[in-house]
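To start, the structure itself, in structure tokens.
The values are calculated or read from the model by the stated rules, or taken from the named source; none is laboratory data. Remember, it's a predicted structure, so these values are computed and weren't measured experimentally. Reconstructed Cβ throughout: ideal geometry from the backbone, glycine too, with neighbour counts over all protein chains shown.
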């Protein structure tokens, strides 16, 4: 096991820069998720850590040792690929034992270790099969087995769950978390699914266009996103944004062009009249009784009702300006599309971002 | 009873509903089959004619009747002459040139597939161009060079000539087979501890093995079928089977039984190999065209 440090990493494809000076420090045993939309450079970063791609600039250190020019096989890392990349011409046992065989370990030792790993992952009955005889979930497990069999310094996961169906995805996600708790190996996990990142990681690094937007603990990112991009990306359903103008006289609040008053807990780092984005998570709205528009309740019209069982999500059109807002209620409220509704945002939970740059202001 | 009734009813219903559409379809299908048979007969006729000739008694060789007592006299006569040696020469030359073509061409194809160096397309194209030049263009240079090098009338010399022609085929066919092997498998192998060579040897090559086999057979057949260079570059020692057969056309007379028997023997491995590998060969020529 080892700590992993990326210092000022850049990557160019020809003249096109794709990674612009990324710094990430990963502690020994930490589980870090790299998330971001497609093309943000997360997979490229992972492949650079693995040694499958070279970094154009910067330093990659694994356990303190500079590995920029070290070939993958000398980095002692293991990787789980998106499409599993199991060797189709080998049995499950041979797939699992391949790395050990390359190390020149004796046959008995390989068999013992493969047996141990198969037991951890429940692969014992499948050892003599070939990958094509396995289901998607089983292949996924073999790919993980191949990674853990040689006790590497770090695990790299490249969107490992994206080829599984929804139910299996949740199951394997739990298995990955349990595995990390059991083995405590430094892990870098790439995904575009923020739910995976939130549930698995000790720390999340949000990337966009080859830059780190924010890095922090999952709930830290959820509660205090550094900018509108992170705010929108982390959390499902995602945060609501209502554009407006900052009003500081008579209590800090955001006033929209159609006159909605959105109260803020304290004055943000901005001037009176600045264009801002008011952000509120779907669960931070409460129902208000009809007609008390005076104390900050917002008039809204129901567009779509989506009951999920645990909560009811209601898509609303708010104010005369028709701002799109999605609110989630723990209670099973009985409303129909077209009906009017009064919403009260919880002021303590409000976020404010600069309208132009997206930077957090409160 | 009931089952018979049902069996009778189903086709009745079927024709009632689809009669208008089916009849022209059936006609077209039969017409197509008949055309295919006619084409097949025309194509196979020389081949079958030669084979029956090989088994005919020498006395009624040109008797047009298909009724005869098959004899192996032609084959027996072949065995007594120098034909067996020529046959072995053919085998040796074809095997040797195939082995050399694969040894050089397979790694070359791999490099062309995976290594994105500048000018890669040009290199690949110029390799193919070597195959396009007419053989006659190289005859005199080869002849003179071989005389000087002492490679004339040697098995190695002939195998080297075939190598130059087969390399292009190996490199082009194997590229499609290597492209069909996902790079992620090699990357997984690098991470598992392989170097480039080990990943190639342990992962990529085994997965491309059917392609290698098909390519090998194709190379073998090209070398095996060559008549032109074998005629020019051999005299007595390295004569191959096709040349030996032509030598049965002599001033004293044409030994038809031997020619037919020899021709049949020379064709045999080609037919056998083609049947064995046609599946892989078609795959190799079309791989990558359709997403699996």
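Restricted to strands (runs of 3 or more DSSP E) entirely inside segment A:163-258, those with at least 2 residues that are without any contact (Cβ under 8 Å) to a residue 24 or more places away in the chain, outside the structural domain of residue A:19 (by TED's automatic domain parsing) and surrounded by 15 or more Cβ atoms within 10 Å (Cβ to Cβ) are A:253-255. Based on this model, can you work out whether residue B:180 counts as within 12 Å of chain A (Cβ to nearest Cβ) and at pLDDT below 90? Judged against the criteria, residue B:180 is a match. Here residue B:257 fulfils each of the conditions (1) under 30 Å from residue B:152 (Cα atoms); (2) crowded, with 22+ Cβ neighbours inside 10 Å; (3) modelled with pLDDT under 90 apart from (1).
The set of residues from segment A:30-64 being over 20 Å from the mean Cα position of the chain (by Cα), in a loop (DSSP other than H, G, I, E, B) and either within 11 Å of chain B (Cβ to nearest Cβ) or surrounded by fewer than 20 Cβ atoms within 10 Å (Cβ to Cβ) (or both) comprises A:51, A:52, A:53, A:54, A:56, A:63, A:64.
For the structure I just gave you, tell me whether residue B:63 is more than 20 Å from the chain's Cα centre (by Cα), over 24 Å from residue B:178 (Cβ atoms) and without any contact (Cβ under 8 Å) to a residue 60 or more places away in the chain. Show your work before the answer.
Numbers: more than 20 Å from the chain's Cα centre (by Cα): yes; over 24 Å from residue B:178 (Cβ atoms): yes; without any contact (Cβ under 8 Å) to a residue 60 or more places away in the chain: yes.
Here the answer is yes, as residue B:63 does meet what is asked.
Residue A:321 satisfies every condition listed in (1) without any contact (Cβ under 8 Å) to a residue 60 or more places away in the chain; (2) assigned to a loop (DSSP other than H, G, I, E, B) except (1).
Number of residues in segment B:183-236 that are surrounded by 16 or more Cβ atoms within 10 Å (Cβ to Cβ), within 14 Å of chain A (Cβ to nearest Cβ) and outside any helix (DSSP H, G or I) equals 3.
Could you grab me the full set of residues in segment B:100-159 that are in a loop (DSSP other than H, G, I, E, B) and surrounded by 17 or more Cβ atoms within 10 Å (Cβ to Cβ)? Across segment B:100-159, the qualifying residues are B:151, B:152, B:154.
For segment A:77-115, filtered to residues that are on the phi > 0 side of the Ramachandran plot and within 9 Å of chain B (Cβ to nearest Cβ), the residue that is surrounded by the fewest Cβ atoms within 10 Å (Cβ to Cβ) is A:84. Filtered by the rule that a residue be in contact with a strand residue (DSSP E or B) (Cβ under 6 Å, 6 or more places away or on another chain) and under 12 Å from residue A:143 (Cβ atoms), segment A:74-108 gives A:78, A:79, A:80, A:81, A:82. The C-beta contact set for segment A:52-75 (first residue not assigned by TED's automatic domain parsing to the domain that holds residue A:20, second residue outside any helix (DSSP H, G or I) and modelled with pLDDT of 95 or more, distance under 7 angstrom, 6+ apart or interchain) is empty.
Every residue, every condition in (1) out of contact with any helix residue (DSSP H, G or I) (no Cβ under 8 Å at 6 or more places or on another chain); (2) closer than 30 Å to residue B:208 by Cβ, yes or no:
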position	(1), (2)
A:6	no, no
A:18	no, no
A:28	yes, no
A:55	no, no
A:66	yes, no
A:79	no, yes
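Which members of segment A:104-131 meet the condition of being farther than 24 Å from residue A:171 by Cβ and within 35 Å of the chain's Cα centre (by Cα)? Within segment A:104-131, A:113 is the sole residue that qualifies.
Filter segment A:65-76 down to residues that are more than 8 Å from chain B (Cβ to nearest Cβ) and either closer than 28 Å to residue A:165 by Cα or surrounded by fewer than 16 Cβ atoms within 10 Å (Cβ to Cβ) (or both), then give me how many there are. Adding up the residues that qualify gives 6.
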